[in-house]
There are 2 protein chains.
Amino acid sequence: MREAEFLQTLHFNSLRLADGSLVNMSVPIVLAIDDAQKHLIGDSKRVALFDSKGDPVAILNDIEIYKHPKEERIARTWGTTAPGLPYVEQTITNAGNWLIGGDLEVIGPIKYNDGLDHFRLSPAELRAEFTRRNADAVFAFQLRNPVHNGHALLMTDTRKRLLEMGYKNPVLLLHPLGGYTKADDVPLDWRMKQHEKVLEDGVLDPETTVVSIFPSPMHYAGPTEVQWHAKARINAGANFYIVGRDPAGMSHPVEKRDLYDADHGKKVLSMAPGLERLNILPFRVAAYDKTRGKMAFFDPSRPQDFLFISGTKMRTLARNKESPPDGFMCPGGWKVLVEYYDSLVPSSNGKVPEAVPA
Amino acid sequence: MREAEFLQTLHFNSLRLADGSLVNMSVPIVLAIDDAQKHLIGDSKRVALFDSKGDPVAILNDIEIYKHPKEERIARTWGTTAPGLPYVEQTITNAGNWLIGGDLEVIGPIKYNDGLDHFRLSPAELRAEFTRRNADAVFAFQLRNPVHNGHALLMTDTRKRLLEMGYKNPVLLLHPLGGYTKADDVPLDWRMKQHEKVLEDGVLDPETTVVSIFPSPMHYAGPTEVQWHAKARINAGANFYIVGRDPAGMSHPVEKRDLYDADHGKKVLSMAPGLERLNILPFRVAAYDKTRGKMAFFDPSRPQDFLFISGTKMRTLARNKESPPDGFMCPGGWKVLVEYYDSLVPSSNGKVPEAVPA
């Protein structure tokens, strides 16, 4: 991003195009450089960008270097400057004091060579895939966790609702986040194995499901980030977006509370400039119904029958090779999770202590 | 503000109207209540608002009470949560944990009974005044400090430029901020006396100048606040807005630097949603030209000839009954400033120490 785009992102969560229209853009996509790199660039008008192996991947033309106002960037993106925000500590705190923007010229498709590139479809490739499948509605589901039967219920119920609305062939874009996630989240390669099992076990229908990786880093920036999550999926051909409680949220890094109001994400998304075309499908809350032995939509008239199994709880069960209640997750998917935790070095008593939610 | 307006203000600096258009709104206008007040309101659908003397001034109908997310409000409005932000400490830190919004029904014009109410023209009254004067252009100047000859040069030069552009009768809206200002700023009543002297002394032409009070509190929120300053003046009939370096800025309350990049205010203003109709007139920098003995536009080819007299320096001179260089401010205006500081209790040696810029 150039500075004009960076400032519009921070202040307005949207960019004005040359024709006067607004597109949503809530999260800065910027490249930081330090004093030495700035000095090295000198008066050059363009720079090459290299991957971690030293191969060139893109050229940034007609460059512009401007100050990196870290505190302000953090405050306006996260609504807090408290220490302990995962993405901030990973990417911003130790980054350079300058940002470099320009016109990006990508040399070829970006490859990760991690065995998962076939899942990394570009927006154009996704749109072509939906056309190939004759989809007349595409609904997107953003996730960074293993798929349990509550998620699956939500996705199959959404398809049902779209059929009832008159669509003939609604297709699900199951779009797990593939960039940086915090240390206690399950890594991408294991999540992809788990998602494949969920399709193999028939929990989701492969005919009406496209699985692809969304190669963005997780910011945990709540109402600000959910706009980016939705906007990117519109670009990829989705016209319905499923949004739940506290999307992209986390616990406050310092205070004993959630960082964001659980309802703000949905509210902000529904009012965001540039997202007027998006149809938002609010989550119904799913939980484990003890009387029926399966995940079901929560019925507030009989709360005592329902068990809420948090991501933290799920991870702790899998780490300790304990089983969740029958019907919480398909057995094949659960096995992948247990294998993942088995692959980690265990603590001395063979049990992993419950993670502090972060 | 209701919560939907509050959230749009924080995230987008603009509100979407029923017809789909956007109006700029960068600063939350909210009313905080505490737990006891919330309890007292109970299920009531409307509340009366009273002034400090206990007289009712307005009714808030069809009310809505929602959480007051102070940290997030501060971070998204100021781009920092550092302690020591004047408006935050004055108005937010000790405020209640709830906000109350609704449909405001004002009982009558708000009176302050401080002898200055004749200066408090409503937007409709200002627009009527500009029509009465047959203004074909209105240019607004926001200030919270005494007017010196550098300001005056800027305003008279702006009028000259507008005449050159073909306008026949450009009128100046001199619109000093009348709400809360930080402790070391000169109080409103003394500033108004000073402004009157500036007109009496002929530094500004009363025929083409409307002086009115802008009854808003100063937030010192830089690029966020300058949008509010401009938007409010558009509502009052202005179509040109003069903006300088670092508008509504201040020093960082903790770090040794300005809180905002001096250029961000103008840049953000030029891109702000809902302010497309506004014509922004960038400040030329004025300083004291020692070779000519008067305020003049800074000439970068001979920097050694110019003296920059900051607001802090000006206040210190007036406090200590020292004179600024001839031609810095009209004598009548300067006398008012000296009288103001004379009216304060002096320190033991009769001199007031230089204020720490805040």
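The values are calculated or read from the model by the stated rules, or taken from the named source; none is laboratory data. All values reported here derive from a predicted model rather than from experimental measurement. Neighbour counts are summed over all protein chains in view; Cβ atoms, including those assigned to glycine, are modelled from backbone coordinates with ideal geometry. For accessibility, only protein heavy atoms count, side chains too; no ligands or nucleic acids. Shrake-Rupley method; radii C 1.70, N 1.55, O 1.52, S 1.80 Å.
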Contact list please: Cβ distance under 6 Å, first residue in the stretch A:74-96 and more than 21 Å from A:F12 (Cβ to Cβ), second residue in a loop (DSSP other than H, G, I, E, B) and at pLDDT below 95, pairs at least six apart or on different chains. A:P86/A:K182
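Here is a yes/no grid of residues against (1) of a type in the set (K, R); (2) modelled with pLDDT of 95 or more; (3) within 20 Å of the chain's Cα centre (by Cα):
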site: A:G96; (1), (2), (3): no, yes, no
site: A:L99; (1), (2), (3): no, yes, no
site: A:L104; (1), (2), (3): no, yes, no
site: A:I110; (1), (2), (3): no, no, yes
site: A:N113; (1), (2), (3): no, no, no
site: A:P123; (1), (2), (3): no, yes, yes
site: A:L143; (1), (2), (3): no, no, yes
site: A:P176; (1), (2), (3): no, yes, yes
Any residue at all in the stretch B:76-92 that's touching a strand residue (DSSP E or B) at 6+ places or on another chain (Cβ under 9 Å) and either over 30 Å from A:A262 (Cβ atoms) or not assigned by the TED database to the domain that holds B:H11 (or both)? no
For B:K256, state whether it is surrounded by fewer than 17 Cβ atoms within 10 Å (Cβ to Cβ) and touching a helix residue (DSSP H, G or I) at 6+ places or on another chain (Cβ under 8 Å). no
Report yes if some residue within the stretch B:116-133 is hydroxyl-bearing (S, T, Y), within 14 Å of chain A (Cβ to nearest Cβ), open to solvent by less than 50 Å² (accessible area, probe 1.4 Å) and within 29 Å of B:V243 (Cβ to Cβ); otherwise report no. no
In the stretch B:179-189, how many are in a loop (DSSP other than H, G, I, E, B) and open to solvent by 20 Å² or more (accessible area, probe 1.4 Å)? 6
Of the numbered conditions (1) open to solvent by less than 30 Å² (accessible area, probe 1.4 Å); (2) over 30 Å from A:T316 (Cα atoms), A:D157 satisfies every one except a single condition; which is it? (2)
Give me the pairs, please: first residue somewhere in the stretch A:1-28 and more than 10 Å from every other protein chain (Cβ to nearest Cβ), second residue anywhere and at pLDDT below 95, beta-carbon distance under 6 Å, and either six or more positions apart or on two chains. A:V23/A:G274
Write out, first by first residue and then by second, each pair whose Cβ atoms fall under 7 Å of each other, whose residues are 6+ apart or on separate chains, and whose first residue, in the stretch A:162-177, is under 15 Å from A:E207 (Cα atoms) while the second is of a type in the set (G, A, S) and not in a loop (DSSP other than H, G, I, E, B). A:P170/A:A137; A:L173/A:A140
Name the single residue that is farthest from the other protein chains (Cβ to nearest Cβ) among those in the stretch B:267-282 being surrounded by fewer than 16 Cβ atoms within 10 Å (Cβ to Cβ) and in a loop (DSSP other than H, G, I, E, B). B:R277
Can you give me the number of residues within the stretch B:77-91 that are open to solvent by 20 Å² or more (accessible area, probe 1.4 Å), over 19 Å from the mean Cα position of the chain (by Cα) and more than 7 Å from chain A (Cβ to nearest Cβ)? 2
Return a yes/no flag: does the stretch A:248-257 have any residue that is among the acidic types (D, E) and over 30 Å from A:R133 (Cα atoms). yes
Among the residues of the stretch A:289-314, write down those that are open to solvent by 20 Å² or more (accessible area, probe 1.4 Å) and either under 21 Å from A:L188 (Cα atoms) or part of a helix (DSSP H, G or I) (or both). A:P303, A:Q304, A:D305, A:S310, A:G311, A:T312, A:K313
Has the stretch B:226-243 got at least one residue that is closer than 24 Å to B:P83 by Cβ, under 17 Å from the mean Cα position of the chain (by Cα) and outside any loop (DSSP other than H, G, I, E, B)? yes
